[in-house]
Every structure is written in structure tokens, then in C-alpha cells.
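Student: Questions regarding the structure given below will be posed in turn.
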Amino acid sequence: MSKIKPSKGAPYARILGVGGYRPTRVVPNEVILEKIDSSDEWIRSRSGIETRHWAGPEETVAAMSVEASGKALAAAGVDASRIGAVVVSTVSHFSQTPAIATEIADRLGTDKAAAFDISAGCAGFGYGLTLAKGMVVEGSAEYVLVIGVERLSDLTDLEDRATAFLFGDGAGAVVVGPSKEPAIGPTVWGSEGDKAETIKQTVPWDRFRIGDVSELPLDSEGNVKFPAITQEGQAVFRWAVFEMAKVAQQALDAAGISPDDLDVFIPHQANVRIIDSMVKTLKLPDHVTVARDIRTTGNTSAASIPLAMERLLATGDAKSGDTALVIGFGAGLVYAATVVTLP
């Protein structure tokens, strides 16, 4: 017989508060058009994006995360000293070590909280939420802070017509804590590594250490380009529309609800055409509020779901206690979907 004592966690977990931060600089499509042969109408029709936010020098990954987290903590009514773990999903923190989560945990004033980063692209928030739920229920942390944050403007090739208009910057955070009733459903998640080439970094970092720049991409002026995110648009679109609708339905089934039971749908803000297609495939009723934050925020990868959630609650388009389906999907290719009760 095992001598290990059973865990003393909560029976269930829930999102207690959400916060977001969008950089002060708003970038319209006209700025993007300065370096690519396109039009405002083409960008809007292809992606739904009208504007996006780009971070300034002081709006670092850590700074944006601290701002978003402060709002989430205030909304949850939880002091930072009670946070037992900080989980940060990002692909745009450029120091390999230490994890940016450790700096954020310290700046927020946590009491030596566990802190680590995860790299799961646009599904990162769902991955972090799942880990947080496990910690609260298992008992290793009473409250967990989950942050999705990106400075994708640093990883955008402004001369790439396929991606230059897509990405924005920002941070979204939620506080996950104990609940007496189910409020975060089972997660349906996974990866399809055979499709990893469809979304990737153009050049690995070690190519710069080698010193041979002969095979590195050059910009229009002949300078070596900084690594950027590139994707095969049509392949990603088909995968997201057809495969992710199936995953979303699986998450509904796992939670034991139907589309009629939903109040809100918050998909990763990748492309408004993908969002609209998923709504149609899932046959969501008209009463379901659908997040389309991408129009003014762009694709912020791991930050997109919490940012969209925060905006829906702030505008009154969604309310506390609503049942929401959230799904993230992206580079890897990875995905994660679950049903939650909104804070």
C-alpha cells in the first residue's frame, strides 16, 4: 500500500478573472501597404483585419504581461501573494533562459510562485488553462495565473504579402482557482507534427551563429532578414476549417452540452473567414455570441483568446456565468479546445 497522502485540491476549477493589455500604437492597414503590393479591401476580405496593435520599446513581453495580470487579479479579487504558479505561453520571448514567467511572477509580487513558459503557439492559452486546472484540482496551487502574450511584430516580415498584415501584439491573462462546481470542461487537445512545415519560423536561430549568411533570406535592400513567422495560407485554412470544427464538436461532447447550450464562442482569432466557417460547420444558433476581436486586434497567437474574452465581457456582449466554447490552433500544428464558464 502506498504511503503517499492523497492530494487536497479543490473539487473543480474555474476562471475567476480575466485581464488584457493592448499596446497604445494602433496600426491601420495603410501602414502595412507601404511594403506589400495589396489593398485595404484585399486585407479585409482575406482576414477581416482593419487594424492591429504594435508594441513600443517599453511594451515588452514582461511589461504587457504584468499589466494584463494586474487586471485579471483585480477582477478575481485575488492578491498576487496567493498565486501558486504562473504559466506563460509565448513564442516571442527571445531569451532562451530564464523563463519570462519568473520575471513576471517577481514583478507581480507573488510569494515565490512556481513559474514557467510553454511554447504551444496559438493553442498556448488552452494548454496553459488545462495545466492550471490540473494544479488547482490536484492541490499543488490554490490559484494559478495563466498568461498568453506576444510581440509578433518582432517576428513579422513586412515584405511577405501572405503574412505581413496578420499579426499584432498584446497580452491576456486569467486567474484560475477553486470551484464547487464544474466550470472548466475536459480539454480536447493534440498535435499533428506531420503538418509542422505549414506554420514555422523562416530561419532557425543557430543559422546566425554559423556565420554563413549565403542561404539566409534578404530584404529588398539586400540586408539579412530577422527570423519571421511564415505559413502556407491555404493549407492552414483548410486544416483549421475542417479539422478544428471536429475538435470543437468533440469538446462540446466531452462537456456534455450541445451548440444550443452555448452562450459564447471564442475561437483563436486567426482569420475571420475561418471563424465564420467554423460557426457554419458547428451550426451554432443565432443566440451564440461569436468573438471577432481580430478585426481591431489582429492575430495575437497565444494572447488572442483571453484578449477576446476580456473584450466581450467589457462591452457586455458576454456576461459572467455564460457558457463559452474556446478553441486555439496553430503552429505545430497543435490545438486545444474546452468549454468554460465565463468569470
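The values are calculated or read from the model by the stated rules, or taken from the named source; none is laboratory data. Nothing here was measured: the structure is a model prediction, and the numbers come from that model. Heads up, the Cβs are rebuilt from the backbone with ideal geometry, glycines too, and the neighbour counts pull from every protein chain shown. Ligands, DNA and RNA are excluded from the accessible area calculation, which covers all protein heavy atoms including side chains. Shrake-Rupley method; radii C 1.70, N 1.55, O 1.52, S 1.80 Å.
Student: Looking at segment 246-270 only, could you name the residues that are within 20 Å of residue 186 (Cβ to Cβ) and outside any helix (DSSP H, G or I)?
Tutor: Listed by number, the residues that qualify are 256, 257, 258, 262, 263, 264, 265, 266, 267, 268.
Student: What about residue 273, is it assigned to a helix (DSSP H, G or I) and either surrounded by 21 or more Cβ atoms within 10 Å (Cβ to Cβ) or not aromatic (Phe, Trp, Tyr) (or both)? I'd like the intermediate steps shown before the answer.
Tutor: Numbers: assigned to a helix (DSSP H, G or I): yes; either surrounded by 21 or more Cβ atoms within 10 Å (Cβ to Cβ) or not aromatic (Phe, Trp, Tyr) (or both): yes.
In short, yes.
Student: For segment 35-55, give me the residue count where each residue is surrounded by 21 or more Cβ atoms within 10 Å (Cβ to Cβ) and part of a strand (DSSP E or B).
Tutor: 3
Student: Between residues in segment 116-134 that are in contact (Cβ under 8 Å) with a residue 24 or more places away in the chain and residues that are aromatic (Phe, Trp, Tyr) and surrounded by fewer than 24 Cβ atoms within 10 Å (Cβ to Cβ), which pairs lie under 8 Å by C-beta distance while being six or more apart or on different chains?
Tutor: Here the result reads 123/189; 126/189; 127/189; 130/189, each pair linking segment 116-134 to a residue that is aromatic (Phe, Trp, Tyr) and surrounded by fewer than 24 Cβ atoms within 10 Å (Cβ to Cβ).
Student: Just checking: which of the strands (runs of 3 or more DSSP E) contained wholly in segment 155-231 hold 2 or more residues that are open to solvent by less than 20 Å² (accessible area, probe 1.4 Å) and in contact with a His (Cβ under 9 Å, 6 or more places away or on another chain)? Let's see the steps before the verdict.
Tutor: On the way: elements: 169-179, 188-191, 199-201, 229-231.
Once the strands (runs of 3 or more DSSP E) in segment 155-231 are filtered for at least 2 residues that are open to solvent by less than 20 Å² (accessible area, probe 1.4 Å) and in contact with a His (Cβ under 9 Å, 6 or more places away or on another chain), what remains is 169-179.
Student: For segment 92-106, what are the residues that are of a type outside the set (Ser, Thr, Tyr), within 16 Å of the chain's Cα centre (by Cα) and surrounded by fewer than 23 Cβ atoms within 10 Å (Cβ to Cβ)?
Tutor: 93
Student: Moving on. Restricting the first residue to segment 161-178 and requiring it to be on the phi > 0 side of the Ramachandran plot, which pairs with a second residue that is open to solvent by 10 Å² or more (accessible area, probe 1.4 Å) and in a loop (DSSP other than H, G, I, E, B) meet a Cβ separation below 7 Å and a spacing of at least six or different chains?
Tutor: Going by the 7 Å Cβ cut-off, the qualifying pairs are 170/22.
Student: Quick test for you: out of 188, 203, 175, pick the one residue that is touching a strand residue (DSSP E or B) at 6+ places or on another chain (Cβ under 8 Å), among the hydrophobic types (A, V, I, L, M, F, W, C) and under 30 Å from residue 62 (Cβ atoms).
Tutor: Values: 188 fails: under 30 Å from residue 62 (Cβ atoms); 203 fails: touching a strand residue (DSSP E or B) at 6+ places or on another chain (Cβ under 8 Å).
When all the criteria are applied, what remains is 175.
Student: Which is touching a residue at least 24 places away in the same chain (Cβ under 8 Å), assigned to a helix (DSSP H, G or I) and open to solvent by less than 70 Å² (accessible area, probe 1.4 Å), of 302, 318? Reasoning before the result, please.
Tutor: On the way: 318 fails: assigned to a helix (DSSP H, G or I).
Being touching a residue at least 24 places away in the same chain (Cβ under 8 Å), assigned to a helix (DSSP H, G or I) and open to solvent by less than 70 Å² (accessible area, probe 1.4 Å) holds for just one of 302, 318, which is 302.
Student: Would you confirm, using the coordinates I've provided, whether residue 8 is basic (Lys, Arg), within 23 Å of residue 92 (Cβ to Cβ) and not in a strand (DSSP E or B)?
Tutor: Details: basic (Lys, Arg): yes; within 23 Å of residue 92 (Cβ to Cβ): no; not in a strand (DSSP E or B): yes.
No, not satisfied.
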